[in-house]
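The values are calculated or read from the model by the stated rules, or taken from the named source; none is laboratory data. Computed from a prediction, not measured in an experiment: that's the story for all the values here. Cβ placement follows ideal geometry from the backbone for every residue including glycine, while neighbour counts extend to all protein chains displayed. Keep in mind that these areas ignore ligands, DNA and RNA; they rest on the heavy atoms of the full protein, side chains included. Shrake-Rupley method; radii C 1.70, N 1.55, O 1.52, S 1.80 Å.
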Amino acid sequence: MTKNAIQAAGIGRRGFLKGSAGLAFAFALIEAGDVMGQGAPARLNAYISIGTDGTIRIAAPAPEMGQATNTALPLIIAEELDADWAKVVVETAPVAAAYDHPIFRAQFVVGSLTTRGYWMVIRTAGAQARRVLIDAAAQRWNVPANELSTEPSTVVHKASNRRLSYGEIASFAQVPAQLPEIRPDMLKKPADFRLIGRDVRRWDVPAKATGKAIYAIDVQVPGMLYATLARSPVMGSTPRGHNGADLMRRSGIVAVVPLAQGVAVVGDKIETVLAARADLKVDWSPAPGSNFDSDRGREMYLAHVRDPSGQKVVVGRRTGDANAALQSAARVVSGEFTTDYVYHAQMEPLTCVASVTADGVEVWTGTQWASRARDDAAKAAGVPPEKVKVNMLQMGGGFGRRAQIEYVVEAVEVSKAVGKPVKLMSTREDDVANAHCRPMTAHKIDIGLDAGGKIAGWRHRIAADLVVTQVYGQPRLDAQNGVDHIVMAHADVPLYDVASHLAEHVYEAPGVRSAAWRGIGAGPNAFAIEAMIDELAALAGEDPVAYRMKLLKDRRARTAVEVAADMAGWPKASRGDTGFGIALSRLGVPQLGESIAVTIVEVALDRTRGNIAVRNMWCAADVGLPIQPRNIRQQVEGSLVWGLSAALSERITFKNGAVQQQNLSDYEVLRVSRLPKVEINIIRSGEVPLPVGELGLGTVAPAISNAVRGLTGKRLAALPFTPDRVRATLA
C-alpha cells in the first residue's frame, strides 16, 4: 500500500483508533495471484471499523452498478468477522489502492468478476479482524486464545461463561505489531456459513426506492455551472470551427469551450445550456470512419470471414490442428452468422461534476473504473493523482459503457477552462449519438465430421471491430500478442467433445467507437456456436437436448442441461407456430472458474408479420457458491431480459460514420408488455462464487434461433431478429 493510498483511505497500517471511534482495522492482504493460493501477504486493501457502541462499518470497495456487489462484499466480510449483520453499516470506500480489485489491480467493475475477484481477499480481512478481537479478549481475561470462540459480534469464553461484545473490546484493544496470519484452512468452512447463502436486504435498495440515492445528476456544488457537449459524430473527428461567439451573446451562457472531440456549451442553468446547444453549429474535420456504412460493412465482414486473405488475422484460441482435421473430414458442415452494433442504453445518461481549483480536483460521478477516472482526471488537470478526489457514486446502469471514462476527463477539462465547478450532462440524444457500441461481428463456423459423424475439427472465424484498443489502449493488445480477449471471449467449445478447435479474429477497423458490452464477445460467439450445435443435431436426426447430452463432456454442463430440461418439461412438442429451443453459455475466465447457464425458450412465431413472442424462459444457472440466492435470481433474470431485448430489437446502424438512431423511440429496448414468464433454478456446484451478472444473456438469442429452426427449418442467423429479417428468412 502506498503512502498516498493510506492517506486517501484515512487509515494507518497499525490503525487501531481508540475511544468513541472504536477500532479501525487495516489488513495485510494477499495479491491477485495469491487469491489462487500462490503467495504470501503483500499489501493492505480493506478497511473495517468497530465503534464502542458495537456498530461495524465496512467499506465496500467496488463501484455499485446495480448488481448488489456492495451488499455481497460486506456480507462476506461480516461472515468471516462473525458480525451481527444488524449492526453493520456499509459505506462506500474512497478511491485508493487499498481497495483495488485483486485481479484488475484497480477499482474496476467489469466482467461480472467483482465478487469472484475479492472473494479470498475480503474473507481473509474478516477473519483477521475476528482474530484480533479474540486475541484482545484473551489478553483481557488472561486465558489462551484457543479457548475462545465467537457468536455474532461477541467473543465468548465458555469455560468461565464470560462474554465481551465487539463494541466492548473496541474500548480497550490494541493493534498487534504484526497482524495475525490467516491461512486458507483457518477460514470458515462453508457448512458453518451463517450469512452467506441467506437472502439479506440489499444495502442500496431503500435509498433507490425512496429517491434518496445520489447519482451524479443529483449533485449540486456551490458556484456550479452547467455544461453539455456536442461530441464529434465520427470517432477521431475534431471541431474546426463553431458559432460559439454568437451563442456567447445569449443571457446565461458563460463559455463555449472547444475540446479534442467536441464543443462544450457552459451556462448558469441547464435549460439555457440546452437551448444554446440546439443552435450550436460545428464544422467537423473528416476522420477515417466518415464514410462508414454499417449495412455495407456487414457484407464486407462476411466476405472477410469467407476469405480473410489480405486481412490481419489473429489466432485467438487453438486446440489441436483443426485445419488439418477439416481437410481430412468425411463431411464439413458450415454456417454464417452476423450481429449488429448495440447501444448500452443505460438508464442514467453520462454525467459528471468536476471542480478544478488551485488545490486539486474533485469529481463526483458514477463510473465502473474509479481509479482510472482519478488518474485520467489528474492528467487532464495537470496535477498528480493524489491531488484528485473521486466521489464514487452509484451508477444508473453501466453494462460496460462506464468502463470508459472520457466524460470524466471532459468535465475536468471544462471546469479547468472556466475556473468553476461544472456539471457536464449528456442528453439521451447525445448519449445515443456518442454510443460506444458492442462491435458488429460476422462469423463463419466450419465443422469437420468423421465417417461416424463425430466432430473432428471446429474452425470459428470472427470478423469484428477491435475493442481492447479502445478500452485499454494499444499496449494492452500488444501485450496479449494481438488477441482481443473481449472479442474472442468464449469462442472455444471446451464443454463439448471436440477433438481440435481453432478460433480466429479477422481485424476490422471501421472507425467506430466500440466498447465492452454485456457479456462481451461471449454473446455473439455463443449465438453462432449454439446455433451450429443445433444444426449438427438436426443433421444427426436427434433431439437437441439428447444430442447435447451425448456431446457434452463437462459434468456441470450436463447437469445444467438436465435441470433446464426438467424445468421446461422437455421434450416439448411444437404446436402450430409455437416451438421450443435450447442453448448454453458460459461466463467468466477459466483460471478463476466459469459459471454456466442453460436456457430453454418457448417461442410463438407470427410468420406473416415476422414477429417473435417469447412466452416462457426456463434457465438453469450454475454459479458455484450462491452468496445471496434471491439477488442471483434477479441478476440472471435481468440478463435474460436484456438478452431478449438485444435478440429481438436492439440495433445501431451507421451512415457516413454517424449513428442513425436518436433516442429510445427509434432504438427500441424490450417493453414490459413483451416480457415472458421467467423461471430460474440456481445450481450450487462448488465452494467459490462464480460470475453472475451477465450469465444467461448469451443463451437467449441462440435458443430463439433454435426454436424457429425447429418450427420452420429456417435459420435466423442475423441479430437482431427484426420482423423484416424474420420475414426474409422465412420467404
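Brief remarks on what is shown
- Across the range 679-696, the number of residues qualifying as of a type in the set (Gly, Ala, Ser) and surrounded by fewer than 24 Cβ atoms within 10 Å (Cβ to Cβ) comes to 2.
- Each residue in the range 326-354 was checked for being open to solvent by 20 Å² or more (accessible area, probe 1.4 Å), under 30 Å from residue 231 (Cβ atoms) and modelled with pLDDT of 95 or more, and 0 of them qualify.
- Condition check for residue 357 on (1) open to solvent by 60 Å² or more (accessible area, probe 1.4 Å); (2) more than 28 Å from residue 521 (Cβ to Cβ); (3) touching a residue at least 60 places away in the same chain (Cβ under 8 Å): one failure, at (3).
- Listing of strands (runs of 3 or more DSSP E) fully contained in the range 130-204 that carry 1 or more residues being out of contact with any His (no Cβ under 7 Å at 6 or more places or on another chain) and open to solvent by 60 Å² or more (accessible area, probe 1.4 Å): 148-151, 162-165
- Restricting the range 98-112 to residues that are open to solvent by less than 30 Å² (accessible area, probe 1.4 Å) and among the hydrophobic types (A, V, I, L, M, F, W, C) leaves a set whose member that is nearest to the chain's Cα centre (by Cα) is 110.
- Counting only residues that are assigned to a helix (DSSP H, G or I), within 19 Å of residue 392 (Cβ to Cβ) and open to solvent by less than 20 Å² (accessible area, probe 1.4 Å), the range 113-124 holds 5 of them.
- Which numbered condition residue 231 misses (of (1) surrounded by 17 or more Cβ atoms within 10 Å (Cβ to Cβ); (2) charged (D, E, K, R); (3) farther than 18 Å from residue 413 by Cβ): (3)
- Condition check for residue 86: surrounded by fewer than 24 Cβ atoms within 10 Å (Cβ to Cβ) and part of a helix (DSSP H, G or I): yes
- Any hit, the range 421-436, residues being in contact with a Ser or Thr (Cβ under 9 Å, 6 or more places away or on another chain), in a loop (DSSP other than H, G, I, E, B), modelled with pLDDT of 95 or more and among the aliphatic types (A, V, I, L, M): no
- Residue 543 vs. criteria open to solvent by 20 Å² or more (accessible area, probe 1.4 Å) and touching a residue at least 60 places away in the same chain (Cβ under 8 Å): no
- Consider the range 134-162 and keep the residues that are in contact (Cβ under 8 Å) with a residue 12 or more places away in the chain and of a type in the set (D, E, K, R). The one that is nearest to residue 78 (Cα to Cα) is 151.
- Considering residues of the range 547-602 that are at positive phi and part of a strand (DSSP E or B) only, the residue surrounded by the fewest Cβ atoms within 10 Å (Cβ to Cβ): 593
- Positions within the range 32-64 being on the phi > 0 side of the Ramachandran plot and either hydrophobic (A, V, I, L, M, F, W, C) or at pLDDT 50 or above (or both), in sequence order: 54
- Residues satisfying the stated conditions in the range 397-419, i.e. within 27 Å of residue 222 (Cα to Cα), open to solvent by 20 Å² or more (accessible area, probe 1.4 Å) and either of a type in the set (A, V, I, L, M, F, W, C) or within 23 Å of the chain's Cα centre (by Cα) (or both): 406, 409, 417, 418
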